[in-house]
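Below is one structure, written out as structure tokens; comments come after it.
The values are calculated or read from the model by the stated rules, or taken from the named source; none is laboratory data. If you're wondering where the values come from, they're calculated on a predicted model, not measured in any experiment. Heads up, the Cβs are rebuilt from the backbone with ideal geometry, glycines too, and the neighbour counts pull from every protein chain shown. Note: areas computed on protein heavy atoms with side chains; ligands, DNA, RNA excluded. Shrake-Rupley method; radii C 1.70, N 1.55, O 1.52, S 1.80 Å.
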Amino acid sequence: MVTRAKRNNATSLRPVDELETARRILAEADSIVSFSGAGLSAESGIPTFREAQHGYWAKHDPYRLASPDGFAADPKLVVDWYNHRRNILSAAVPNPAHRALGGRSDLIHITQNVDNLLERARASAVLHLHGRIWIDRCNRSCGYEEAVDLAAPPDRRDCPRCGSPMRPAVVWFGESLPDAVWRESTVAAANADVLLVVGTSAVVYPAAGLIDVARQGGAVIVEVNLEAASPGAHISLTGPAGELVPRLLNP
Ligand code: BV8
Ligand code: ZN
């Protein structure tokens, strides 16, 4: 458990010491949980949710495409959008931040990202709050699901088991998060000594609420972002995840 003195120390820092203090707190912590958003994968060439809308997709609202209504209105458009993102992911590789996180089997990884870059960086048991883009599932939840080839994903199709439309196994706006993943994530956050928040604007709920859960559980909140985005952070390190996360986690 990180002592109150450490937490207090974490709040009265001169910028130049912050990284060193964060590194030391992480080195002494028993339970470290990483909580990541699209900024973790940005340096791998995966556009963040808001940036994804360029080219042909610029005229489409991602919040509409990533919703049950959007899928009901035009399932082919939505599947084409996910397949466009799948193609981008198929050409991407884990960046140094994924590798630093993946190399730490003692950490619990909670992510809002739907990509598989943490898994490809050898992270085990990643908790995907918003699902996994490399899997298709039945929209009617008959239980049928299957991994797709990210480089050549199938076009819009129906479930071979029940005939309902197939859709990416991600959580859309207005859909509930997977119960077991959410429960496991809240327990991990509540018991963390340190929550390492990487590359999220912390605007999407209930996921962003995990930061408060961890803080109320006594965790030191260390944020890595290009800009300060988590008001509850004790230490906010500004810079690219690919540079800062290895410096924080590698001995
Ligand atoms: C739900 C999968 C309820 C799909 C995604 C209050 C409480 C509960 C719900 C709500 C609430 N208020 C509003 C809601 C509804 C809604 C919501 O939160 N809306 C927001 C817009 C206000 N929430 C929901 O609908 C959730 N479900 O609440 O269900 C319910 C209850 C009962 C019954 C039915 C329903 C479901 C939300 C999940 C949506 N799915 N993803 C897909 O990917 O296609 S969310 C998606 O957008 C991402 O997963 C991510 O979480 C989110 C934001 O994405 P980005 O902006 O791209 O990324 P991020 O925010 O992480 O920002 C990028 C950050 O990285 C920036 O800060 C940037 O500075 C930084 N950065 C960039 N480069 C770098 C970097 N940092 C470091 N290094 C770099 N190189
Ligand atoms: Zn089905």
With Cα atoms, 0 to 90° folded angle of helix 179-190 axis to the chain main axis: 10 degrees
Residues of region 106-120 with amide N under 13 Å of the 7 Å Cα→Cβ point at A147: 116-117, 119-120
On Cα atoms only, tilt of 75-90 relative to the major axis of the chain in degrees: 50 degrees
Residue-normalised accessible area of the chain, given per residue in Å² at a 1.4 Å probe: 46 Å²
Set of region 212-251 residues, backbone N closer than 20 Å to the point 7 Å along the Cα-Cβ line of V93: 241-247
Amide H partners (placed H, <5 Å) of L127, local residues excluded: H109, I110, T111
Stretch gain in nm, segment D17-R140, where the contour uses 0.36 nm per residue and the Cα spacing is subtracted: 39.0 nm
Given the chain, longest segment not containing exposed loop GluC sites (Glu not before Pro) (DSSP; at most 13 other Cβ within 10 Å): 52-174
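Under a Cβ-only charge scheme (Lys and Arg +1, Asp and Glu -1), can you give me the dipole magnitude of the chain about the Cα centre, in debye to the nearest 20?
Working: 26 positive and 28 negative charges, 13 e Å.
I would put it at about 60 debye.
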Antiparallel DSSP beta bridges within the chain, percent to nearest 5: 30 percent
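Give me the percent of accessible area attributable to carbon and sulfur for region 155-230, probe 1.4 angstrom.
Working: 1620 of 3250 Å².
Taking all protein chains in place, region 155-230 shows 50 percent carbon and sulfur surface.
Just subtract the alpha-carbon distance of S176 and R247 from 0.36 nm times their residue separation and send over the number in nm, one decimal. If you can, show how the numbers build up before the last one.
Numbers: separation 71, 0.36 × 71 = 25.56 nm, distance 3.54 nm.
Gain on stretching S176 to R247: 22.0 nm.
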Degrees between helix 15-28 axis and first principal axis of the chain (Cα, 0 to 90, nearest 10): 80 degrees
Cα extents of region 121-251 along the three principal axes, largest first (Å): 50, 30, 24
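Mind giving me the FRET efficiency for V187 and T238? R0 is 35 Å, r the Cβ-Cβ distance, nearest 0.05 is fine.
FRET efficiency, V187 to T238: 0.70.
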Positive-end extreme of charge dipole, region 107-168 - chosen from V148, V114, H130 (charges on Cβ): H130
